[in-house]
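Below: one structure, written as structure tokens.
No value in this document is a laboratory result; all are computed from the given coordinates. What you see is a predicted model; the values in this text were computed from it and never measured. All Cβ positions, even for glycine, are placed from backbone atoms using ideal geometry, and neighbour counts span all protein chains on display.
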Amino acid sequence: MAPPVFRFAPSPNGLLHLGHAYSALLNVDRARETGGRLLLRIEDIDVTRCRPEYETAIYEDLAWLGIAWETPVRRQSEHLADYHAALEKLVALGLVYHAFESRAEIARLVAEREVDAAWPRDPDGAPLYPGNGKSLSADERARLIQSGMPYALRLDMATACRRAATLAWHELGEGPDGECGMVPARPEAWGDVILARKETPTSYHLSVVVDDALQGVSEIVRGQDLFHATSVHRLLQVLLGLPAPAYRHHPLIRDDGGRKLSKSTGSTGLRELRNAGATPASIRRLVGLD
Ligand code: GLU
């Protein structure tokens, strides 16, 4: 039987902190325990936020921690054709539509609709898409595209859910509310998620699902902040005919005030800690791994 495959998939949009170290080391430990392979993937599709110096820092910090990964590393920005092919499959299934509202327009529509009652939010707290992209006529859509308007390509969630029927995933870790075992997926909680934009031919959801399948990842070890996103990932896997990996979501490392660490959190940054005399062994202890 092929060995299990694990991956650590940071985005080079800031310096790594203790939370990343925890996630990366859990992947290392799982790969070691199971005789599995460990891949590193650079999730750099957001060109406005990702920078080459952060990518270099990822390699340096992980090597300092004593982590070894297989090469070549998959950099998402080099594989846009793979994501485009997946998007085209969803388009061919009639599950994708153009939405032309800007972020400001969406905020205005939500405010308008919230006069009487709260507008529904996704698990990350963002309002569900309130626009009319799905009901635009073909002529109107063609006219807007022709006029050069920016747009997002959104998943028609209701139709996609009907197509995919009941979904669940195998949770080996734990969700924020203790969910484990076979967890029912609820992608509808996310509304009509964005799959790509006119200027960015993919999205986090689409590229992560495509890459995990292409790279044969069998167990996804990542933070609980992505637990609910797994519902969308399961749906896309089913629609695209991709295998279902197991998931192991881990609790997040928090700062003293109980907040999730951010990439600008100096005192918990791996670099800061290293400069202050931390060792790879002390980092393991700090994240509770020894
Ligand atoms: N690139 C994502 C991040 O840095 C992680 C994606 C994943 O593990 O699925 O938060």
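If you look for lysine pairs in the chain that are eight or more places apart or on different chains, how many of them have Cα atoms under 28 Å apart? It would help to have the intermediate numbers written out before the result.
On the way: Lys89/Lys134; Lys89/Lys198; Lys134/Lys198; Lys198/Lys263.
Here the count comes out as 4.
Annotation for Glu114 and Arg186: the two label points, set 7 Å from Cα along the Cα-Cβ direction, are 2.1 nm apart.
Taking the three principal axes of the alpha carbon atoms in the chain, the coordinate ranges are 62, 44, 37 Å, sorted in descending order.
Computed from the Cβ-Cβ distance with R0 of 22 Å, the FRET efficiency linking Ala2 to Ala63 stands at 0.25.
For Thr71, the shell of other residues with beta-carbons less than 13 Å away shows a net charge of +3, using +1 for Lys and Arg and -1 for Asp and Glu.
Remark: C-alpha extents of the stretch 16-140 on the principal axes read 54, 35, 32 Å, sorted largest to smallest.
I'd like the FRET efficiency for Leu144 and Asp29, computed as 1/(1 + (r/R0)^6) with the beta carbon distance as r and R0 of 41 Å, rounded to 0.05. All intermediate terms of the calculation are to be shown ahead of the outcome.
Numbers: r = 51 Å, r/R0 = 1.23.
In this case the efficiency is close to 0.20.
A Gaussian network model of the chain, with springs between Cα atoms under 10 Å, assigns the largest mean-square fluctuation among Glu174, Glu53, Glu33 to Glu33.
Once the piece of chain linking Leu80 and Thr48 is laid out straight, how much longer is it, given 0.36 nm per residue of separation minus the C-alpha distance between them? Let's see the in-between values first.
On the way: separation 32, 0.36 × 32 = 11.52 nm, distance 1.60 nm.
Full-extension gain reported as 9.9 nm.
Can you give the relative contact order of the chain as a percent, counting alpha carbon pairs under 8 Å and 6+ residues apart? If you can, show how the numbers build up before the last one.
Values: 453 pairs, mean separation 70.4, N = 290.
Answer for the chain is 24 percent.
Remark: Trp64, Trp69 ranked as Trp64, Trp69, counting other beta-carbon atoms within 10 Å and listing the fewest first.
Every helix of 4 or more DSSP H residues in the chain counts as -39500 (n - 2.57), and over all residues that averages to -11000 deg cm²/dmol at 222 nm.
First measure r as the distance between the Cβ atoms of Ser282 and Thr159, then evaluate 1/(1 + (r/R0)^6) with R0 = 51 Å and state the FRET efficiency to the nearest 0.05.
Details: r = 52 Å, r/R0 = 1.02.
So the FRET efficiency works out to roughly 0.50.
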